[in-house]
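Enquirer: One structure is given below, represented as structure tokens, and several questions about it will come after.
The values are calculated or read from the model by the stated rules, or taken from the named source; none is laboratory data. What you are looking at is a predicted structure, and each value in this text was computed from that prediction instead of being measured. We place every Cβ from the backbone using ideal geometry, glycine too, and count neighbours over all the protein chains shown. These accessible areas exclude ligands, DNA and RNA; they are computed on the full protein's heavy atoms, side chains included. Shrake-Rupley method; radii C 1.70, N 1.55, O 1.52, S 1.80 Å.
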Amino acid sequence: MRILLVEDYAPLRTSLTKGLREEGFAVDSAGDGEKALWHAGGASYDVIVLDLMLPKVDGWTVLRRLREGGCEDPVLILTARDAVEDRVEGLNRGADDYLVKPFAFEELLARLRALVRRKYARKDPVLCVGDLRIDTAAKSVTRGDESIELTAREYALLELLAMRAGSVVSRADVWSSLYEFHDEATSNVVDVYIGYLRRKLDGPGRAPLIHTRRGQGYVLEEQA
């Protein structure tokens, strides 16, 4: 899943970016509101994490411009402003969640995952497709009785397909969800990771779950 992290304090921005990437998120970051608007204008994000006290363009203005411009990406405000009126104002202005600094990284992760589930209309943290079970809280994957070990990027790809199970996910959607702005696109990188997943999920006597729709993309579903 792809995150836009907007935080002007460089040490915190660096540590959060590192931690989120280790959790399998693709992260674009911005240190001011102007750059945040530039990023948001050129890509769709699963969640935007937004500080309020930003240089150039403050967080309140960033949020207003996003919503006025039709951006529906979930926004989590992450700020030191802890007054009740600030929380109320943030939510009333169109934010989806509000987390006060200092915070526990585990709580931030839980809130991000909840927002992603809400975006894809998934309430249960456990996603099931046939005998495939994906626990998005524990980040564990099993098929039948077998536990399947995945890299962070493999897991992120599988989770994306599972969130949209039964629907075709285009290569462009895969790229925009899993890769960061500075990543260099190559013609077959998505196909390569789909191949990795297929080798790990499918085995002797198992029906394939990831199917190619020629000219369209991929779909995760159990076929009769």
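Enquirer: Kindly write out, for the stretch 117-126 in residue order, the coupling ³J(HN,Hα) from the Karplus curve 6.51 cos²θ - 1.76 cosθ + 1.60 (θ = phi - 60°), rounded to whole Hz, with x marking Gly and Pro.
Expert: 4, 5, 4, 9, 6, 10, 8, 7, x, 9
Enquirer: Please give the FRET efficiency for Glu106 paired with Lys56, using the beta carbon to beta carbon distance and R0 = 22 Å, rounded to the nearest 0.05. Kindly include the intermediate steps, with their values, before the conclusion.
Expert: On the way: r = 31 Å, r/R0 = 1.43.
E(calc), rounded to 0.05, equals 0.10.
Enquirer: To the nearest 20 debye, what is the magnitude of the charge dipole of the stretch 69-138 about its Cα centre, counting +1 on the Cβ of each Lys and Arg and -1 on the Cβ of each Asp and Glu?
Expert: Numbers: 12 positive and 13 negative charges, 33 e Å.
In debye, rounded to 20, the stretch 69-138 gives about 160.
Enquirer: Let me ask something else. Remind me, what semi-axes does the stretch 138-218 give for its equivalent ellipsoid, largest first in whole Å, using sqrt of 5 times each Cα gyration tensor eigenvalue?
Expert: Values: eigenvalues 93, 45, 27 Å².
Sorted largest first and rounded, they come to 22, 15, 12 Å.
Enquirer: Please list 157-167, 97-107 highest first by mean number of surrounding beta-carbon atoms within 10 Å per residue. Walk me through the intermediate numbers first.
Expert: Details: 157-167: 20.0, 97-107: 12.8.
Highest to lowest by the protection proxy: 157-167, 97-107.
Enquirer: Same structure again: Distance in nm between label sites at Asp191 and Ala121, each 7 Å beyond Cα in the beta-carbon direction?
Expert: About 3.3 nm separates the two model spin labels.
Enquirer: Further question on the same structure: Between Arg206 and Val168, what's the calculated FRET efficiency when r is the beta-carbon distance and R0 is 22 Å? Round to 0.05.
Expert: On the way: r = 22 Å, r/R0 = 0.99.
In this case the efficiency is close to 0.50.
Enquirer: Give me the Å³ per residue figure for the convex hull around the C-alpha atoms of the stretch 1-85. Let's see the in-between values first.
Expert: Details: hull volume 7.8 nm³, N = 85.
That works out to 91 Å³ per residue.
Enquirer: Another one. Let me have the 222 nm mean residue ellipticity of the chain computed from DSSP H runs of 4+ only, each contributing -39500 (n - 2.57), with the sum over all residues rounded to the nearest 500.
Expert: Working: 8 runs with 90 residues, N = 224.
Calculated mean residue ellipticity at 222 nm is -12000 deg cm²/dmol.
Enquirer: Put a dot 7 Å past each Cα toward the Cβ at Arg64 and Ser15; how far apart are the dots in nm?
Expert: Reported label-point gap for Ser15 and Arg64 is 3.3 nm.
Enquirer: At what distance in nm do the modelled label points of Arg199 and Asn92 sit from each other, each positioned 7 Å from its Cα along Cα→Cβ?
Expert: For Arg199 paired with Asn92, the spin-label model returns 5.6 nm.
Enquirer: Starting at the first residue of the stretch 53-61, write each ³J(HN,Hα) from the Karplus equation 6.51 cos²θ - 1.76 cosθ + 1.60 with θ = phi - 60°, in whole Hz, x for Gly and Pro.
Expert: 8, 10, x, 6, 9, 6, x, 4, 5
Enquirer: How big is the charge dipole of the stretch 100-144 about its Cα centre, in debye rounded to the nearest 20, if each Lys and Arg gets +1 on its Cβ and each Asp and Glu gets -1 on its Cβ? Kindly include the intermediate steps, with their values, before the conclusion.
Expert: Values: 11 positive and 5 negative charges, 47 e Å.
Here the size comes out at about 220 debye.
Enquirer: Please list 22-32, 199-209 highest first by mean number of surrounding beta-carbon atoms within 10 Å per residue.
Expert: 22-32, 199-209
Enquirer: Could you go through the stretch 143-155 in sequence order and give the Karplus-derived ³J(HN,Hα) for each residue, using 6.51 cos²θ - 1.76 cosθ + 1.60 with θ = phi - 60°, rounded to whole Hz, and x for Gly and Pro?
Expert: 10, x, 9, 9, 7, 10, 8, 10, 6, 4, 6, 4, 4
Enquirer: May I pose another question? Once the piece of chain linking Glu85 and Arg153 is laid out straight, how much longer is it, given 0.36 nm per residue of separation minus the C-alpha distance between them? Don't jump to the answer; show the numbers that get you there.
Expert: Numbers: separation 68, 0.36 × 68 = 24.48 nm, distance 3.93 nm.
This chain segment gains 20.6 nm when fully extended.
Enquirer: Can you work out the accessible area per residue across the chain, with the rest of the protein chains kept in place, probe 1.4 Å, in square angstrom? Spell out each step's value before the answer.
Expert: On the way: 10970 Å² over 224 residues.
Heavy-atom accessible area per residue stands at 49 Å².
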